[in-house]
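Visitor: Here it is, the structure in full.
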Amino acid sequence: MIKPMTSGVASQLYQAQREFAPKELQKSETTDTQKNSRLQDIKESVKDGTYKVDIDKTAKAMLDYIA
């Protein structure tokens with residue numbers, strides 16, 4: 001039989017969720033902002049014709065993705 005959570009444990013769980021969720025959300029928002037900024041830079045470079053592919057960096061990223 002599963003025992004119900006005591007109010008102390010439930011309270012601790014709720015508090016932990018409140019403490020950690022905003023930090024993860026903030027980190028995600030920062031990462032998304034950085035990705036969108038980088039994407040806009042790439043789009044502008046492609047339009048201008050100044051975008052260069054870094055072959056070593058691209059190859060490493062592909063290998064890291066596969067592994």
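Bear in mind these aren't lab numbers, they're just calculated from the coordinates by the rules spelled out. A quick note: this is a predicted structure, and the numbers were derived from the prediction, not measured. Here the Cβ is made from the backbone with ideal geometry for all residues, glycine too, and neighbour counts use every protein chain on show.
Visitor: Based on the Cβ-Cβ distance from Ile55 to Gln34, what FRET efficiency comes out when R0 is 22 Å, to the nearest 0.05? Numbers along the way, then the final one.
Guide: On the way: r = 23 Å, r/R0 = 1.05.
After rounding to 0.05, the efficiency reads 0.40.
Visitor: State the extension gain, in nm to one decimal, for the chain segment bounded by Asp41 and Asp64, taking 0.36 nm per residue of separation less the distance between their alpha-carbons.
Guide: 5.9 nm
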